[in-house]
Each structure stands twice: as structure tokens, then as C-alpha cells.
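Beneath this line is the structure, given in C-alpha cells, with notes to follow.
The values are calculated or read from the model by the stated rules, or taken from the named source; none is laboratory data. The structure presented is a predicted model; accordingly, all values stated were derived computationally and were not measured. FYI the Cβ positions are ideal-geometry reconstructions off the backbone, even for glycines, and counts take in every protein chain you see. These area figures cover heavy atoms from the full protein model, side chains too; ligands, DNA and RNA do not enter into them. Shrake-Rupley method; radii C 1.70, N 1.55, O 1.52, S 1.80 Å.
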Amino acid sequence: MNSHSKSQRIAFIALLAAAIVLIAGGIFGVVNRTSAAGEQMLSDMRLTALLTTAGEGSKEALVEAEVEAAREAARAAGGGLSEIKEAVAAAEAAAMERVANMTVEVDLDTVDTSALIPAVEDMLAAQRALGEQTDKDEAAYAEMMLAQAPAEDAAEEEILEEAPADAEAAMDMDMSEDEMMLEEEEPEVDMSGFVATEEMNALSAVVDEKFAGLSAALQGVSPDLSDAALETLRPTIESLLYQRGDTYETQYDRLNAYGNAGFTSWVTRYGDDLITVGVALALVAIMVFFAKPLLKALGVPRMIITCFFMLLCVLAVIYDLSLTTLLSNAVVRMAMNSVLVLAMLPGIQCGIGLNLGLPLGIVGGLLGGLLCIEFGFSGLPGFAFAIAVGCLIAALVGMAYGVLLNRLKGSEMSVTTYVGYSIISLMCIAWLLLPFQSDKLRWPLGRGLRATLTLDGAYRHILNDFLAFDIGSFTVPTGLILFMALCCFLMWLFSRSKTGVAMQAVGNNPRFAEATGISVNRMRIIGTTLSTMLGAVGIIVYSQSYGFMQLYTAPRQMGFIAASAILIGGASVSRAKISHVIIGAFLFQGVLTLGMPVANALVPQSTISETMRILISNGIILYALTKAGGGSRG
């Protein structure tokens, strides 16, 4: 501990002490939430809210009573319409002025709630029963409507055949932006035809009966509360007591506006948030204590991104976002992008640097997928066929690409960028001319391939669904992770082979490698070809997880995204390991996955999530290119 400064020790102790206090308080809150004391807190808040609402209703009832009394007095005095109107207006103004100075303060210790408490519990139980029955009946109705979906889908397909351009434009999403939905969206069901069932009507009658009992109990506490005022307040009272999907947190937040929520209640409400913040502070304390070795091992950029990722996790919990679901999405995105990131590894190791010409391999993979659909393959055989054909095309193109880079040593960064953009532009023409015949690929009218091609019936989610299982709301895409691990393992084996060692020697020191008899040009071609082939495999893995293939300009930026991810993982233009691939892919995709929903929670109903996506994605890419230095070695 002598190697740590005094300020470092003080910061460590202070942060750790704060973390222990927060975690202890959070554990108390979480435990208290399910205890009788926690339910009593909510009950007291409920009574306070009801009595406050009743008090406001009593004020309105007093105004109405004085207005009616003034109206009757004016009529009894024989006044005309103008006199009655003036008397009512004067009485209303006087009554409003008087009640405006009346404050509604509720002290449960001074109020007799012996009759109110059971009435509230009965009303709450009746509302919950009605809510549960409504959920059940609406779910049954939705299931019935979904059963009719195939016929409607067939009708939509006919419309698609008639107007393909508009339909495809609506479907089109830019794959390079990586904005796909990783979870299956719940199908939308038109509930406008839903009618309350007999069970719901019976339970609704019970709610009416219990509300009458609650009204009588409220009038016992607030005698000035009229029946008319209670009927007016009924929607407010019902929403205060119960709302469908209620949790401890939602009830607390709703009732807290009426006061009577002490510090213990606050700790109970935010117990899980306190634990999250406490754990985060504990991690920060550890990072402060081991700052020097961590900075040495990870570097400043990775430390900053790691801390930012941790901050996003904390904010996700604080804003009641499903952290486990977001992390599950981050894992899926990492795995589906990892092979594309892995494609950068042989390029760096062989000495060409960042292979920003990755779209060459991506095009090969897309052609493999297109031929799979064209020939009607599906499932695992179709997936294997797409990979085999994609790798074959990518190998042929990759060898020619390697020869080109050997002729232009020292300018690889510029050449690979140019090649990547050029092949995408060239293929924009090719996609319109290639003689594919499948109706799933071609526009129904005119010629050329669609911009967005669904993989339904081919190999959609073939890896994502294989041996997948759920841990709560965290879905483990076992097949996708296993395939990623297999690719990394095969690349690791290759790097340990005689050819792999020779290739890395060329990347580390080409002059020394040449002096030992290694063919520098041959090793560079092997590395470039392998990188291109991995790009083909990567886009097939990506597409099966995405559920679609996208042609034309969609893959244009994917080389930059893969390059930035591996550099964020700790690689450089001359040194890279498989660990850099995995760490970089997770950090890059994790920040993007958590950044957008957290940004939406911070500023609701805004476009800040899109702004955050651009800032995060392009900012990391800018760092990657800055770190690359814009050049390569000769």
C-alpha cells in the first residue's frame, strides 16, 4: 500500500465507506419492500392520498352548497334571472376566496380511519380482481386475433406484389448503422373490437359496490363531501388505489405526490438503485486504488469507455430500464458483430493494418446468402451452404486484393478505404443486373434485387435460437456465442501454426522476417485472404441474427465499425489479439445498446437517442482512425 499516495488512500476509503452504506441501505430497502412494514408504508400513503383528495373534494362541495343556497335565496326573494345570476356569482366568488385559504393537511394520527382502512382494502381487492380478469380476457382476444393473422398476411403479400417499391422502402433499414431490433417485436393487435366479458361485467359491479362502501367511509371522515363530488372524484380515487401493472415503485411514485413518504419509505422505494450505485462506487473505489496498474494494462481510452459503460448501467437501473434485457441485447450484438471484428485480426497480424476493404468479403458473404435463397436451401444446410460459397468467393477476391496491396505497400489505409467504397458502388450496379430468378430476391416489377431481403425460410436466427435459454429477462444466445467462440478458437489455432507464426513475424518486422527466408508478400496475401473470408462469414452470421440481408449501400461503413471496435479493445495497427476482439466488440456494442435507451430516459420524447447514437458511434470511429494515424508500415 506504500505505492499509493495519501489522497488516493483517502479517496479509496471514502468511496468504499459510501459504497458500504449505500449497499446496506439498499438491502434494507429491498427486504423491507416485501415485508409487512413496507406494505404498511404504502397503506399509509394511500390513506393520505385519499384523505387529501377527499379534502379537496370537500372544498368543492362547500362552494357548490353555498352557490345553491344563494340561488334558492334569490328565487325565494322573487328575483329575476339577472338577480339570481348576480347572487350566484357573488356567492361563488366569496366561497372560492374562503376555500382558497383553507389548506388540506392530513395527519393520520388524528383521523379515525377504523372504517376507512377495511373499505380501502376491499376496494383495492375488487380493482385488482377486475384488472387481472381484464388482462386475461384481453390476452385471449389478442390470441384469437393473431390466429387470424395468416390470412391477413397473405393479403399484405398481395399488396406488396402490387406496390413493391413503397413496401420495401418502408422495410429498408441501414445495416451499417446497426439499429436493428434484437428482440422479436410483439405483433400489434387491433383491440378496438374487444368487448367486456360477463366475468368483467360481474367484477365491475363488485367494484361499484365497494366504491359505495368507500364513499360512505370517506364521508364519515369528511362530512362535507357530497355524493356528487364523490362521483366526480371517482376516476381520481380509482387511479390512486390501483393501476394495471402496478409495482411497489409505481404505487410509491403515484402516491408520493400527496406526501407522508418519510426517509424509510424513500429507502424502500429506491433500494435496488442504492445497491446499484453502491456497487458502482465500490468498483470506482477499486479502480482508484489500482489506478496505475489499470491504466497501464487497459490504457486511458479503454478506461474511459469502460467507466462510461458502467455509468450507463447505473443510469439504466436508476431510470427503471431493464438492465438485464439491455445487457442481453448487448451480448447478442457483440456475438453477431464479433466475426466481422475478428476479420480485422489477420489483416493487422500480417502487416496490412486495418482492413477497411472489408466490404469485399461482405459482398462475398451476401452472394453466398443470395445463392442459398435462390436454390431454396434452408436451416443449417442453407447456413453452411451460404458460408461455403461466401468463403470461396471471398478467397478468390481476397487473393487478388492481397496482390494489389503488395504492389502498394505503405499506402494500405488509403487503398483499403478506396477499395471498400468502390466495391459497394460497383455492386450497386451489379445488384440490378445479376440474373437471379427467385421471387424472394427480385422486385416483382422491373429488374434487379430488392434492397432488403428477409431470411425467413432460409437461415434466420439459426444460431440465435440454437440451445438458447432465459435467465430471467436475460436471453443467452448459446448457438451464437458458441459459433463466435469456434471462430476465435480456429483463429487462435491458426496463429499458433507455422504459417500463422510466420504471418505474425511479417507483421511485426517484415525486414527481419524476409531475412529469415519468409516470403513477406505470400504471408501478406494469406492474411488479407483470411481477413476477407472472415468478412464473408461475419456478414452471414450478422444477417442471420438481424433476420434480413441488405444490399446496395448498407455495408459501406461496416469496415470502419469493425476497425474501431478492435482498436477500442486494445489493439493497434501493428498488434492485435483475440482478447482485443472480444473486449472491443462488447464495449462498442454495449455502449451503443445502453446509450440510446438511457438517452431517451434522460430526455423523453426527443431525438437525443439518435444524436447519442451518432456521437457514440462516430466518436469511437474517430478515435480509431486517430489511433491508426492514417498510415501503415512498409
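Tabulated data for the structure shown
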{"item": "Pairs, first at pLDDT 90 or above in segment 459-474, second open to solvent by 50 Å² or more (accessible area, probe 1.4 Å) and aliphatic (A, V, I, L, M), C-beta under 7 Å, six or more apart", "result": "ILE462/LEU380"}
{"item": "Complete set of residues in segment 543-569 that are open to solvent by 20 Å² or more (accessible area, probe 1.4 Å) and either within 22 Å of ARG460 (Cα to Cα) or not polar (S, T, N, Q) (or both)", "result": "PHE548, TYR552, THR553, ARG556, PHE560, ILE561"}
{"item": "Qualifying residue in segment 436-446 (condition: at pLDDT below 90 and polar (S, T, N, Q))", "result": "yes"}
{"item": "Given (1) open to solvent by less than 10 Å² (accessible area, probe 1.4 Å); (2) over 23 Å from VAL506 (Cβ atoms); (3) in contact with a Phe, Trp or Tyr (Cβ under 9 Å, 6 or more places away or on another chain); (4) not hydroxyl-bearing (Ser, Thr, Tyr), number of the condition ILE539 does not satisfy", "result": "(3)"}
{"item": "In segment 222-248, the residues that are surrounded by 15 or more Cβ atoms within 10 Å (Cβ to Cβ) and touching a helix residue (DSSP H, G or I) at 6+ places or on another chain (Cβ under 6 Å)", "result": "SER222, ASP224, LEU225, SER226, ALA229, LEU230, LEU233, LEU240, LEU241, TYR242, TYR248"}
{"item": "Qualifying positions in segment 475-491 - surrounded by fewer than 17 Cβ atoms within 10 Å (Cβ to Cβ) and either at pLDDT below 90 or outside any helix (DSSP H, G or I) (or both)", "result": "VAL476"}
{"item": "2 or more residues open to solvent by 10 Å² or more (accessible area, probe 1.4 Å): qualifying helices (runs of 4 or more DSSP H) within segment 312-398", "result": "323-342, 359-374"}
{"item": "Selection status of LEU274, part of a helix (DSSP H, G or I), in contact (Cβ under 8 Å) with a residue 24 or more places away in the chain, touching a helix residue (DSSP H, G or I) at 6+ places or on another chain (Cβ under 7 Å) and among the hydrophobic types (A, V, I, L, M, F, W, C)", "result": "yes"}
{"item": "Matching residues, segment 270-311, being of a type in the set (Lys, Arg) and open to solvent by 70 Å² or more (accessible area, probe 1.4 Å)", "result": "LYS292, LYS296"}
{"item": "Which listed residue, of TYR552, TYR542, is in contact (Cβ under 8 Å) with a residue 60 or more places away in the chain and on the phi > 0 side of the Ramachandran plot", "result": "TYR552"}
{"item": "Subset of segment 7-51 that is under 23 Å from ALA285 (Cα atoms), under 32 Å from the mean Cα position of the chain (by Cα) and not hydrophobic (A, V, I, L, M, F, W, C) - its residue that is surrounded by the fewest Cβ atoms within 10 Å (Cβ to Cβ)", "result": "GLY25"}
{"item": "Failed item in (1) over 32 Å from the mean Cα position of the chain (by Cα); (2) exposed (fewer than 13 other Cβ atoms within 10 Å of the Cβ), with GLY472 passing the rest", "result": "(1)"}
{"item": "Candidates ALA261, ALA257, filtered to the one that is farther than 30 Å from LYS136 by Cα, modelled with pLDDT under 85 and assigned to a helix (DSSP H, G or I)", "result": "ALA257"}
{"item": "Filter result for the condition that a residue is among the charged types (D, E, K, R) and touching a helix residue (DSSP H, G or I) at 6+ places or on another chain (Cβ under 8 Å), over ARG442, ARG450, ARG407", "result": "ARG450"}
{"item": "Residue within segment 456-470 that is of a type outside the set (A, V, I, L, M, F, W, C) and under 21 Å from SER531 (Cβ atoms) present", "result": "no"}
{"item": "Only listed residue being of a type in the set (Lys, Arg), modelled with pLDDT of 60 or more, part of a helix (DSSP H, G or I) and over 30 Å from the mean Cα position of the chain (by Cα), chosen from LYS136, LYS85", "result": "LYS85"}
{"item": "Criterion violated by ARG447 - all others in (1) surrounded by fewer than 14 Cβ atoms within 10 Å (Cβ to Cβ); (2) within 34 Å of the chain's Cα centre (by Cα); (3) free of Cβ contacts under 8 Å to residues at least 60 places away in the same chain satisfied", "result": "(2)"}
{"item": "Search result, residues across segment 39-78 that are of a type in the set (D, E, K, R), at pLDDT below 75 and under 23 Å from TYR242 (Cβ atoms)", "result": "GLU56"}
{"item": "Within segment 409-436, considering residues that are open to solvent by 70 Å² or more (accessible area, probe 1.4 Å) and in a loop (DSSP other than H, G, I, E, B), the one farthest from PRO510 (Cα to Cα)", "result": "PRO435"}
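Every residue, every condition in (1) in contact with a Phe, Trp or Tyr (Cβ under 8 Å, 6 or more places away or on another chain); (2) at pLDDT 85 or above; (3) of a type in the set (Phe, Trp, Tyr), yes or no:
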position: ASP166; (1), (2), (3): no, no, no
position: ASP174; (1), (2), (3): no, no, no
position: MET180; (1), (2), (3): yes, no, no
position: GLU186; (1), (2), (3): no, no, no
position: GLU198; (1), (2), (3): no, yes, no
position: LEU203; (1), (2), (3): no, yes, no
position: ALA212; (1), (2), (3): no, yes, no
